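The values are calculated or read from the model by the stated rules, or taken from the named source; none is laboratory data. Nothing here was measured: the structure is a model prediction, and the numbers come from that model. Positions of Cβ are generated from backbone atoms using ideal geometry, with glycine treated the same way; all protein chains shown enter the neighbour counts. All accessible areas refer to the heavy atoms of the entire protein, side chains included, with ligands and DNA or RNA removed. Shrake-Rupley method; radii C 1.70, N 1.55, O 1.52, S 1.80 Å.
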Amino acid sequence: MAGLTRHLGFNFYYYINHMARKFLLCFHDFSVWNFQKVTPVIENLKDLVGAPFSVLIIPDTEQASPEAVQEFRETLARLQSEGFELALHGYKHKAEFSQGRNYMGLIGMNLTHGEAEFAGLCQYESSRLLQQGISAWKNLIDIDPVAFVPPTWYSNKFLPRQVRAQGLLYEDRFSILTVRGRRYASPVTSFAGIPDFLMKPAFKFGEFILQIPFGLPRIALHPVDFPNREKSVRNLLRSALGSGRRLSLYREL
């Protein structure tokens with residue numbers, strides 16, 4: 001069995017021993033527009049899980065005041081110093097154009113109310129938008145992001161390679177791809193944009209992926225989850241900690 005899986009390019013025993021007992025906690029959409037309200041939420045979650053986790057940054061600060069931008073910079077630096085790892089989450093998280101976007105990308109844009117800014121882009125536009133995100137990041141903080149996560153996880157066929165060429169881990173809806181090319185199956189539970197009647201099944205799904213004996217489950221939280229879903233979120237995180245899995249970080253992959 002081990003020989004077969006190695007022949008297929010996948011070390012089953014490494015995967016079971018090293019990845020099956022971990023999970024990722026990822027807080028999405030941290031930006032200059034919400035950091036003052038969201039930072040206390042992140043700190044409270046850190047107290048609950050007992051460790052820092054991954055925070056996904058929207059780097060665009062266009063039209064924000066210089067004072068807000070400076071305070072945002074200082075907040076990012078403080079979070080990084082506390083052990084939180086910071087990842088790049090697109091550019092604006094809101095597309096302003098559809099040039100070079102294919103039909104499937106337009107569908108993704110429609111399903112996400114225009115938030116899937118990388119969905120279906122051609123090679124040039126995908127690269128251009130990625131570079132805008134990286135440039136905006138560099139204007140905020142003097143460290144490299146550990147990963148790139150496209151907004152809403154809708155993407156295009158060029159983006160994973162472009163991200164890895166920048167030395168960044170890439171995440172999609174179902175998996176995580178490291179810079180070295182190792183791919184991990186990674187189911188995710190998320191509650192943003194889900195109608196109320198599906199909220200309970202979404203949390204049940206989160207509990208399920210924490211219990212299955214393989215994969216690297218992700219819990220993806222968003223500012224819109226608080227305060228209305230905070231009780232359910234906290235219960236899910238307690239379930240994660242009690243499942244035998246250990247809170248992990250992108251940089252450990």
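Points worth noting:
- Being out of contact with any His (no Cβ under 6 Å at 6 or more places or on another chain), open to solvent by less than 10 Å² (accessible area, probe 1.4 Å) and within 17 Å of Ala147 (Cα to Cα) is a property that holds for Leu88.
- Figure legend. Inter-residue proximity from segment 223-235: first residues among the aliphatic types (A, V, I, L, M), second residues open to solvent by 70 Å² or more (accessible area, probe 1.4 Å) and part of a loop (DSSP other than H, G, I, E, B), beta-carbon distance below 9 Å, spacing 6+ or different chains. Indicated pairs: Val224/Gly193.
- Unique residue being basic (Lys, Arg) and either touching a Ser or Thr at 6+ places or on another chain (Cβ under 7 Å) or buried (at least 16 other Cβ atoms within 10 Å of the Cβ) (or both) when the list is Arg234, Arg229: Arg229
- Of all residues in segment 93-104 being open to solvent by less than 40 Å² (accessible area, probe 1.4 Å) and under 19 Å from the mean Cα position of the chain (by Cα), the one that is farthest from Pro40 (Cα to Cα): Ala95
- Qualifying residue in segment 116-135 (condition: more than 25 Å from Ser81 (Cβ to Cβ), open to solvent by 30 Å² or more (accessible area, probe 1.4 Å), in contact with an Asp or Glu (Cβ under 7 Å, 6 or more places away or on another chain) and of a type in the set (Gly, Ala, Ser)): no
- Ile107 being of a type in the set (Val, Ile, Thr), surrounded by fewer than 20 Cβ atoms within 10 Å (Cβ to Cβ) and within 15 Å of Trp153 (Cβ to Cβ): yes
- Identity of the residue in segment 71-85, closer than 22 Å to Leu24 by Cβ and of a type in the set (Gly, Ala, Ser), that ends up least open to solvent (accessible area, probe 1.4 Å): Gly83
- Of all the residues in segment 129-162, those that are of a type outside the set (A, V, I, L, M, F, W, C), more than 18 Å from the chain's Cα centre (by Cα) and within 21 Å of Val55 (Cβ to Cβ) number 5.
- For segment 143-158, the condition holds for at least one residue, the condition being that it is touching a residue at least 40 places away in the same chain (Cβ under 8 Å), of a type in the set (A, V, I, L, M) and surrounded by fewer than 16 Cβ atoms within 10 Å (Cβ to Cβ).
- Filtered by the rule that a residue be in contact with a helix residue (DSSP H, G or I) (Cβ under 8 Å, 6 or more places away or on another chain) and either open to solvent by 10 Å² or more (accessible area, probe 1.4 Å) or polar (S, T, N, Q) (or both), segment 194-212 gives Ile194, Met199, Phe203, Glu207.
- Matching residues, segment 171-189, being over 22 Å from Leu106 (Cα atoms) and either without any contact (Cβ under 8 Å) to a residue 12 or more places away in the chain or open to solvent by less than 50 Å² (accessible area, probe 1.4 Å) (or both): Ser175, Ile176, Leu177, Thr178, Arg180, Gly181, Arg183, Tyr184, Ser186, Pro187, Val188, Thr189
- Checking each residue of segment 196-217 against the condition of being within 22 Å of Pro59 (Cβ to Cβ) and either free of Cβ contacts under 8 Å to residues at least 60 places away in the same chain or of a type in the set (Ser, Thr, Tyr) (or both) gives no match.
- Where helices (runs of 4 or more DSSP H) sit wholly within segment 1-108, those with at least 2 residues that are modelled with pLDDT of 95 or more occupy 35-49, 66-81.
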